[in-house]
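What follows is a short report on a single structure.
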Amino acid sequence: MKIVSIKDLTFRYVDVPVLKKVNLDIRQGDYAILTGENGSGKSTLLKVLLGELSPQQGTAEVFGKDPVRGFARIKIGYVPQNSIYRNQSFPATVEEIMMTGLYQPIWRRKFSGKMCRKQIMHALTELEMEEFSKHRIGELSGGQQQRVMLARALEGNPELLILDEPTAGMDTVSLKSLCQVLDRRNREQKLTIIIVTHGNTGDFVGAGRFLKAEEGRILEL
Ligand SMILES: Nc1ncnc2c1ncn2[C@@H]1O[C@H](COP(=O)(O)OP(=O)(O)OP(=O)(O)O)[C@@H](O)[C@H]1O
């Protein structure tokens, strides 16, 4: 089953051409790593998949739908680039941040408060962050905040997980913990994963597809 289907997709910011006639399929259970030089269009591609940007030519479908129309967003867990730097002075606890990740599932599936807390603690425990649930997010280290953001992306049990530079600033312990969780979710739940990274692609144990953004194209390595 195709989770992502991109056909002849061209995207430019006003007069900056970024993606040129890109074709790419991501199937259920794929674990894909996307690399490429600064400015090669990796984040732009993710934003197209999330429906934040609309291509000028060609098509992108996520779960068989146009992502701009938003129908697929409920099935996607997303951690943007630099998400931790936005948290430094945000006056909320880890639990409160986690709660904001459940707004859509609550609305769709009529979650109770008790179910929410269970989901939140389950996701924090998976990332070994449960003891920090009452801490203010800004008190946590960069690597710890990144783990919370990943737990937040996973708590609603997404079918597609998209991470933009998830390992930036992480120590080896956090990195290992993150990669183990991703590998396990991919193997056990067939979670489809797309990761953009400048890090060592070999860290992502279990990843099976290696893609590179280059001169407007997405190459399979
Ligand atoms: N909002 C914007 N308006 C105009 N140009 C943009 C905008 N966002 C990105 N660009 C340009 O589009 C190109 C691709 O940017 P993008 O952020 O997709 O690259 P990237 O591969 O994710 O880079 P990095 O590795 O540095 O994160 C760059 O030349 C960038 O300057």
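The values are calculated or read from the model by the stated rules, or taken from the named source; none is laboratory data. This structure is a prediction, so every number in the text was calculated from the model and none was measured. In this analysis, Cβ positions are derived from the backbone assuming ideal geometry, glycine residues included, and neighbour counts consider all displayed protein chains. Heads up: the accessible areas ignore ligands, DNA and RNA and are worked out on the full protein's heavy atoms, side chains in. Shrake-Rupley method; radii C 1.70, N 1.55, O 1.52, S 1.80 Å.
Among the residues of this structure, Lys21 counts as one that is of a type in the set (Lys, Arg) and at pLDDT 95 or above. Inspect all residues belonging to the stretch 5-19 and state whether any of them is touching a strand residue (DSSP E or B) at 6+ places or on another chain (Cβ under 7 Å), near the ligand (Cβ under 9 Å from one of its atoms) and aliphatic (A, V, I, L, M). Yes, that holds for at least one residue. Of all residues assigned to the stretch 33-44, at least one qualifies as being near the ligand (Cβ under 9 Å from one of its atoms), among the polar types (S, T, N, Q) and more than 16 Å from the chain's Cα centre (by Cα). What about Val48, is it under 19 Å from Val16 (Cβ atoms), more than 8 Å from the ligand (Cβ to nearest atom), touching a residue at least 12 places away in the same chain (Cβ under 8 Å) and surrounded by 19 or more Cβ atoms within 10 Å (Cβ to Cβ)? Yes; evaluated as a whole, the condition is true for this residue.
Condition check ((1) β-branched (Val, Ile, Thr); (2) within 16 Å of the ligand (Cβ to nearest atom); (3) open to solvent by less than 70 Å² (accessible area, probe 1.4 Å)) across all residues:
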residue: Glu52; (1), (2), (3): no, yes, no
residue: Gln56; (1), (2), (3): no, yes, no
residue: Lys65; (1), (2), (3): no, no, no
residue: Ala72; (1), (2), (3): no, no, yes
residue: Pro91; (1), (2), (3): no, no, no
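Being open to solvent by 70 Å² or more (accessible area, probe 1.4 Å) and at pLDDT 95 or above, is that true of even one residue in the stretch 29-36? Write out each step before concluding.
Residues of the stretch 29-36 open to solvent by 70 Å² or more (accessible area, probe 1.4 Å): none.
No, that holds for no residue.
Go through the stretch 3-27 and give me each residue that's open to solvent by 80 Å² or more (accessible area, probe 1.4 Å) and under 23 Å from Leu160 (Cβ atoms). Lys7, Asn23, Arg27 - these are the residues of the stretch 3-27 that are open to solvent by 80 Å² or more (accessible area, probe 1.4 Å) and under 23 Å from Leu160 (Cβ atoms).
For the stretch 160-217, residues that are open to solvent by 40 Å² or more (accessible area, probe 1.4 Å), hydrophobic (A, V, I, L, M, F, W, C) and at pLDDT 95 or above total 2.
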